[in-house]
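K.L.:
Let me begin by handing over the structure; questions about it come next.
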Amino acid sequence: MKLIENFIEKFHNNCLPSPEKCLIIEEGDDLYIKKWIKNGKINGKAKDMFKWIEKRYLNNKSQLKEIDPYKFKEINDRFLIKYWRIIILLCDYQMKYRYYSKAIYAIKDKSYPDMNSNDFFELFDKK
């Protein structure tokens, strides 16, 4: 599994898609997450999938690391185990930010169409 190529660019442009659309399934991923793949894409929420991976394969990390170090390394590297929470947090934050920004601007445009954005935001400034 890997991130889309332009993840960083989309992050800086504030246009990250949902986490499921930021992750690309690679050859061999189906050995571990077959139930989460449909038509080459993640079927369900990425957060749920990662929690399932951790519970299924890494529930007892020290035991797996001792018994099968190759499988332990493979799972950690293949599924971005160290970074999945950050990826989901960034994607969710940007999706919510875009939603609320659109809502605020829609309210401004309906209620105060002649007012510029800075003046509108000053209405909410506590002085």
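The values are calculated or read from the model by the stated rules, or taken from the named source; none is laboratory data. All of these numbers come straight from a predicted model, not from anything done at the bench. FYI the Cβ positions are ideal-geometry reconstructions off the backbone, even for glycines, and counts take in every protein chain you see. Surface accessibility is based on the protein's heavy atoms, side chains included, excluding ligands, DNA and RNA. Shrake-Rupley method; radii C 1.70, N 1.55, O 1.52, S 1.80 Å.
K.L.:
Rounded to the nearest 0.05, what FRET efficiency is calculated for residue 100 and residue 51 with R0 set to 30 Å and r the Cβ-Cβ distance?
P.N.:
0.70
K.L.:
Nearest 20 debye, what's the magnitude of the dipole of the chain about its Cα centre given +1 on Lys and Arg Cβ and -1 on Asp and Glu Cβ?
P.N.:
Roughly 500 debye for the chain.
K.L.:
While we're looking at this one, here's another question. At 1.4 Å probe size, with no ligands or nucleic acids counted, give the accessible surface of residue 25 in Å², nearest ten.
P.N.:
Accessible area, nearest 10 Å²: 40 Å².
K.L.:
Which whole-Hz ³J(HN,Hα) couplings does the stretch 88-102 yield from phi under the Karplus relation 6.51 cos²θ - 1.76 cosθ + 1.60, θ = phi - 60°, glycine and proline marked x?
P.N.:
Going residue by residue, I get 5, 4, 5, 5, 5, 4, 5, 5, 5, 4, 5, 4, 5, 4, 4 Hz, with x marking Gly and Pro.
K.L.:
Working from the alpha-carbon coordinates of the chain, get Rg over Rh, Rh being the Kirkwood radius. Please list the in-between numbers first.
P.N.:
Working: Rg = 20.4 Å, Rh = 17.3 Å.
Dividing the radius of gyration by the Kirkwood radius yields 1.18.
K.L.:
Follow-up. Could you pull out every residue, at least 5 positions away or on a different chain, whose amide H is within less than 5 Å of the one on residue 37? Hs are placed 1.01 Å off N in the peptide plane, and Pro or chain starts have none.
P.N.:
Residues meeting the criterion, in which the H sits 1.01 Å from N, are 43.
K.L.:
Mind jotting down the distance between the C-alpha centroids of the stretch 99-122 and the stretch 58-72, whole Å?
P.N.:
So the two Cα centres are separated by 53 Å.
K.L.:
If you take the beta carbon distance between residue 31 and residue 60 as r and set R0 to 35 Å, what does 1/(1 + (r/R0)^6) give as a FRET efficiency, to the nearest 0.05?
P.N.:
With a Förster radius of 35 Å, E is 0.95.
K.L.:
With every protein chain left in place and a probe of 1.4 Å, what is the accessible surface of residue 99, to the nearest 10 Å²?
P.N.:
150
K.L.:
Can I ask one more? Got a number for carbon plus sulfur as a percent of the chain's accessible area, 1.4 Å probe?
P.N.:
After summing per-atom areas, the C and S share lands at 52 percent.
K.L.:
While we're here: Would you list, by chain and number, the aspartates and glutamates whose Cα falls below 14 Å from the Cα of residue 21, excluding same-chain residues fewer than 8 positions away?
P.N.:
The reachable aspartates and glutamates, counting only those whose Cα sits under 14 Å from residue 21, are 5, 92.
K.L.:
Give the lysines reachable from residue 71 as a straight Cα distance under 21 Å; neighbours fewer than 8 places away on the same chain don't count.
P.N.:
Hits, sequence-local ones excluded: 2, 34, 35, 51, 55, 61, 82.
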